[in-house]
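Before any comments, here is the structure.
The values are calculated or read from the model by the stated rules, or taken from the named source; none is laboratory data. From a predicted model like this one, the values you see are computed outputs, not experimental measurements. Using ideal geometry, Cβ is built from the backbone for each residue, glycine included, and neighbour counts are taken over all protein chains shown. Only protein heavy atoms, including side chains, enter the accessible area calculation; ligands, DNA and RNA are left aside. Shrake-Rupley method; radii C 1.70, N 1.55, O 1.52, S 1.80 Å.
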Amino acid sequence: MDSVDDAVRFVRGVLGPFAVRIGWAFLVSLWLVFLIGQTLAQGVVWQSDMTVWENAVQQAPRKPRALINYAVTLEAAGRLSDALSYYQRGYREMEQRVFTRDDARMFARAGLIRTLTKLGRLDEAATWVPALSGRAQLPQVVWDSYALLRTAQGRCTSLVSRTAKQVWRC
């Protein structure tokens, strides 16, 4: 009996630490496979601006920044009707939040003006302009959107370039 017990103790002594090492190696391997899968999945998302912001809207459908940035991407791709929808959703979400920065609202309004103008809905685009009036300093993107509308209405005639910055004459 002693020899059998000694043999069992010997095998456990030798294989015990080895089995623990194999178990840890197996767990680490599984974890690495999981992380590689997650990395590959994120690689698909980061292929383009469109997929990044589309994923952001799917992850947080009520977040104004995701909605507005997705709208900008859609507008750049020429999908104006879709862009308008997302600009409107983003602006509505901003209006429901108390602590939205004013420049974010101006950026959303500028996108609405620009998209509505490109769609030929000039009267509707003009309704967003009074919300921008009375501001001492407006970002260039807001002025560009306003000038695009005024040009479509026949009220702006020339564009002057000063040091790579566009200045509209309206």
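Hey, can you rank 111-122, 74-85 by average C-beta count inside 10 Å, highest first? Intermediate values should be presented prior to the final figure.
On the way: 111-122: 20.2, 74-85: 16.3.
Going from most to least packed, we get 111-122, 74-85.
How large is ³J(HN,Hα), in whole Hz, for each residue of region 110-124 in order, when computed from phi with the Karplus curve 6.51 cos²θ - 1.76 cosθ + 1.60 and θ = phi - 60°, using x for Gly and Pro?
Karplus-based 3J(HN,Hα) across region 110-124 equals 4, x, 5, 4, 4, 5, 4, 5, 5, 7, x, 9, 5, 5, 5 Hz.
Along region 55-61, what does the Karplus equation 6.51 cos²θ - 1.76 cosθ + 1.60 (θ = phi - 60°) give for ³J(HN,Hα), rounded to whole Hz, x for Gly and Pro?
Per residue, the Karplus-derived 3J(HN,Hα) values read 5, 4, 5, 5, 6, 9, x Hz.
Using θ = phi - 60° and the Karplus form 6.51 cos²θ - 1.76 cosθ + 1.60, what ³J(HN,Hα) does each residue of region 64-75 get, whole Hz, x for Gly and Pro?
x, 4, 5, 5, 5, 5, 5, 4, 4, 5, 5, 4
Would you list 50, 106 from the most to the least accessible area, probe 1.4 Å? Numbers along the way, then the final one.
On the way: 50 40, 106 15 Å².
Order by accessible area, largest first: 50, 106.
Ranking request for peptides 53-64, 30-41: highest mean number of other beta-carbon atoms within 10 Å first, then the rest in descending order.
Details: 53-64: 15.2, 30-41: 9.7.
By packing density, highest mean first, the sequence is 53-64, 30-41.
Roll a 1.4 angstrom probe over the protein heavy atoms and tell me the percent of accessible area of region 36-107 that is carbon or sulfur.
Values: 2400 of 4500 Å².
On region 36-107, the fraction of accessible area on carbon and sulfur atoms equals 53 percent.
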